[in-house]
Amino acid sequence: MKREKASNWSPEFQRAIEESGLADDINRCMFCGKCTGICPVAAINPSYSPRQIIRELLLGNHEQVLHSEEIWRCFWCANCLGYCPSDIKYPLIMLALRYYALEHGSGKKYATLFTRFVKNAYKDAVTFQPGKPQRLDQIKAMRTSIGLVPLRIVSDKGKEEYRKLYEITGTLEWLDNLHATEEVPLKFSFETGKLILGDFKENRSNLERGV
Ligand code: SF4
Ligand code: SF4
């Protein structure tokens with residue numbers, strides 16, 4: 001993909017990163033690569049590199065980053081944060097980039113992949129339970145061998161509280177909006193906790209005008 005020049009920086013994107021409070025973080029990056037070295041996603045997916053993503057952002061290649069699947073790979077284990085010598089909150093940078101991408105008509109096809117886990121969490125208060133009995137037995141045996149209970153157990157009270165969070169934040173409606181297959185921008189409202197379908201063309205022209 002053709003690289004943008006620094007002069008092609010979108011003022012709106014720059015403002016969004018600054019407002020997120022993460023601009024200083026990005027600028028402190030020393031490109032040491034510890035984040036990539038410690039990341040479990042990078043270990044199994046050679047195309048994924050937190051270090052490279054920060055580098056591309058600093059080069060002004062934000063369009064390339066925002067439209068790529070790479071920003072949807074991180075699962076917030078925070079290993080990178082623990083090892084970063086510059087104390088860069090990389091998982092939060094990913095969060096900010098994902099919201100920004102969705103608001104500008106990109107990434108919904110990747111976000112929908114998460115819905116299964118989020119719906120599991122609504123039902124059981126855990127994102128993943130193995131479906132195959134054989135796999136379940138393996139996991140139980142592995143956990144027991146290191147002194148853990150065979151499976152994580154969430155109390156009924158805990159499940160109820162978890163569901164309440166979904167209701168308060170409008171997460172179920174958020175998920176319903178994600179089912180549309182068309183790539184249109186989604187606006188997340190922190191006030192109402194709702195995702196709203198937006199007008200791609202209007203948002204796009206605002207982006208280009210730096211509004
Ligand atoms: S570990 Fe921190 S300083 Fe090093 S490349 Fe990653 S983000 Fe940058
Ligand atoms: S928080 Fe994301 S980028 Fe950092 S180590 Fe975990 S998966 Fe990798």
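Taken together, the residues in region 49-77 that are within 13 Å of ligand 1 (Cβ to nearest atom) and under 17 Å from the mean Cα position of the chain (by Cα) amount to 8.
Within region 140-164, residues that are in the same structural domain as TYR122 (by TED's automatic domain parsing) sit with their Cβ atoms under 6 Å from residues that are of a type outside the set (Phe, Trp, Tyr) and part of a helix (DSSP H, G or I), at 6+ positions apart or across chains, in these pairs: PRO150/LYS140; PRO150/ARG143; PRO150/THR144. Looking only at region 51-62, decide whether some residue is under 18 Å from TYR110 (Cα atoms), of a type in the set (A, V, I, L, M) and surrounded by 13 or more Cβ atoms within 10 Å (Cβ to Cβ). Yes, the conditions are met somewhere in region 51-62.
Of everything in region 26-42 that's assigned to a helix (DSSP H, G or I) and small (Gly, Ala, Ser), which residue is nearest to ligand 1 (Cβ to nearest atom)? Only one residue tops the list, namely GLY37. Out of curiosity, is GLU70 surrounded by 14 or more Cβ atoms within 10 Å (Cβ to Cβ), more than 14 Å from ligand 2 (Cβ to nearest atom) and among the charged types (D, E, K, R)? No: the conditions fail for GLU70. Can you find even one residue in region 101-108 that is part of a helix (DSSP H, G or I), modelled with pLDDT under 85 and not hydrophobic (A, V, I, L, M, F, W, C)? Yes, region 101-108 has at least one match. Sort out for me the helices (runs of 4 or more DSSP H) sitting completely within region 43-98 that have 2 or more residues that are modelled with pLDDT of 90 or more. Where helices (runs of 4 or more DSSP H) fall fully within region 43-98 and carry at least 2 residues being modelled with pLDDT of 90 or more, they are 50-59, 79-83.
The values are calculated or read from the model by the stated rules, or taken from the named source; none is laboratory data. Given the structure is predicted, the values throughout are model-derived calculations rather than measurements. As a convention, Cβ positions derive from the backbone with ideal geometry for all residues, glycine included, and neighbour counts pool all protein chains shown.
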